[in-house]
Amino acid sequence: MTRPDVVPSPGSTVAPDGSVSFVYRDERASRVLVAGDFTGWGKDPIALMKREGTDLWVLTTRPLPRGLHAYKLVVDGRWTADPANPLDIDDGLGGRNSAFVVGGRDLGDPAAIRVLSLNLHTYQERGLREGVVVNDSLPKIERIAFGVAAMGIDVLLLQEVGEHVSNPAEPNAGRILQQHLEQFTRRRWEHVWREAHIGFDVYREGLSILSSGPIEDVTVLQLSEGGLARIALIARTTIKNTKIRVGTTHVSWGSEGGAQAERMLAEVARLPTGDHAATLLSGDLNASPEDRQVAAFIERGYTDVGMATRNVWPTFGEKTLTSRIDYQMLRASAGRRAARIEAFVRVFDGEGPEDGLHARVSDHAGIVGAYRWDVG
């Protein structure tokens, strides 16, 4: 149970053993219950206890099963979403249920900077609704934002971020993701997007960087010209008192992609040296580890984080993940200590759906690296 001498934060907090503490503030309520999938909803709701002399109602549950859990508070008979929990999901009845996740992937120390790289494959999903073909990308973007918020991701480096050239029903996917992230985290996110080319004749397709910290010194590197032009998007951001240079790119297959990677790295090397701790370049390199795209990074002193942590798995495949072509490449700035890699995991891969976060959202899986520069 919650210690009586500690003032807890309102909302729901998941402990390492899977138990969940609920805290609700209301000086006028006479009875507060929590009802969710773990109580059979209204079948067996659990009462919160009011802490004497305060407006706090508190409860700690037994350990709950791994996965995504939905709930509502019942305050004097009135069902309501938890006002202190920004994570919520559609309740199927036109409203929203508050939500939390028990378990999930191990992302290391919460003090680390967590960076997600993902090829969004925006606006390529289609579904049937009452015989009409509809686009399923907007619900997918909300699911990604929920997962990012639940995992405590700090920076997103994205590829194939699209917007329709004329249809307002298919707006810029990065901006929609930004809006959902601000809803689910209740804090400001910055977003920069740059167009690379027109895809499928109707989509402006480009790259996005989203950060929960300030973004500055944004640079676009032109890697190739033509109908399927390739670019890299580079910027600096400050997270948890650490400034890092980050970049996202999507290069071509084969020797053409190798030349694009080499051009990008040469241009990055000419950028101003600044006070950032490291450079982290991520993206869809369309290459196996032995190909030129990857070798170019290694030759310039970058660390393939997957190889360094021995977390090497396929990241691409239409139905089944079969090829490793997505990477995070890290290089410490001159005179700066190398980062400690707290974790490197694959996410949004269709595996372990019991944790509620990792359904497939693209023909690529995402990868998350967690890095610390404030330790020896």
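The values are calculated or read from the model by the stated rules, or taken from the named source; none is laboratory data. What you see is a predicted model, and the numbers here were worked out from it, not measured in a lab. Here Cβ is always computed from backbone atoms with ideal geometry, including for glycine, and neighbour counts include all displayed protein chains. Just so you know, the surface numbers come from the protein's heavy atoms only, side chains and all, with ligands and any DNA or RNA stripped out. Shrake-Rupley method; radii C 1.70, N 1.55, O 1.52, S 1.80 Å.
Brief remarks on what is shown
- Of everything listed in (1) over 13 Å from VAL148 (Cβ atoms); (2) crowded, with 21+ Cβ neighbours inside 10 Å, the single unmet condition for ILE198 is (2).
- Hits in the stretch 283-302 (condition: without any contact (Cβ under 8 Å) to a residue 40 or more places away in the chain and in contact with a strand residue (DSSP E or B) (Cβ under 6 Å, 6 or more places away or on another chain)): PHE297, GLY301, TYR302
- In the stretch 16-29, residue most open to solvent (accessible area, probe 1.4 Å) [restricted to those that are touching a residue at least 12 places away in the same chain (Cβ under 8 Å) and in a loop (DSSP other than H, G, I, E, B)]: GLU27
- Test: VAL101 is over 13 Å from LEU210 (Cα atoms), of a type in the set (Val, Ile, Thr) and either without any contact (Cβ under 8 Å) to a residue 24 or more places away in the chain or open to solvent by 30 Å² or more (accessible area, probe 1.4 Å) (or both): no
- If you filter the stretch 265-290 down to residues that are open to solvent by 60 Å² or more (accessible area, probe 1.4 Å) and in a loop (DSSP other than H, G, I, E, B), you find that the one that is nearest to MET307 (Cα to Cα) is GLU290.
- Scanning the stretch 337-376 for residues that are among the small types (Gly, Ala, Ser), under 24 Å from VAL161 (Cβ atoms) and open to solvent by 30 Å² or more (accessible area, probe 1.4 Å) yields a count of 2.
- Criterion (out of contact with any Asp or Glu (no Cβ under 6 Å at 6 or more places or on another chain) and over 23 Å from GLU160 (Cβ atoms)) met by exactly one of ARG270, ARG245, ARG292, ARG263: ARG270
- Residues of the stretch 171-195 satisfying the condition of being out of contact with any Phe, Trp or Tyr (no Cβ under 9 Å at 6 or more places or on another chain), open to solvent by less than 60 Å² (accessible area, probe 1.4 Å) and outside any loop (DSSP other than H, G, I, E, B): ILE176, THR185, GLU190, HIS191, VAL192, TRP193
- Matching residues in the stretch 89-110 - criterion: being within 16 Å of the chain's Cα centre (by Cα) and either of a type in the set (Gly, Ala, Ser) or not in a loop (DSSP other than H, G, I, E, B) (or both): PHE100, VAL101, GLY104, GLY108
- For TYR327, the stated conditions hold: it is over 21 Å from ASP109 (Cα atoms), crowded, with 16+ Cβ neighbours inside 10 Å and in contact with a Leu (Cβ under 9 Å, 6 or more places away or on another chain).
- Residues located in the stretch 239-264, provided they are surrounded by fewer than 23 Cβ atoms within 10 Å (Cβ to Cβ) and in a helix (DSSP H, G or I): GLY254, SER255, GLU256, GLY258, ALA259, GLU262, ARG263
- Condition check for ALA334: open to solvent by 50 Å² or more (accessible area, probe 1.4 Å) and in contact (Cβ under 8 Å) with a residue 24 or more places away in the chain: yes
- Matching residues, the stretch 227-268, being modelled with pLDDT under 95 and among the hydrophobic types (A, V, I, L, M, F, W, C): LEU228
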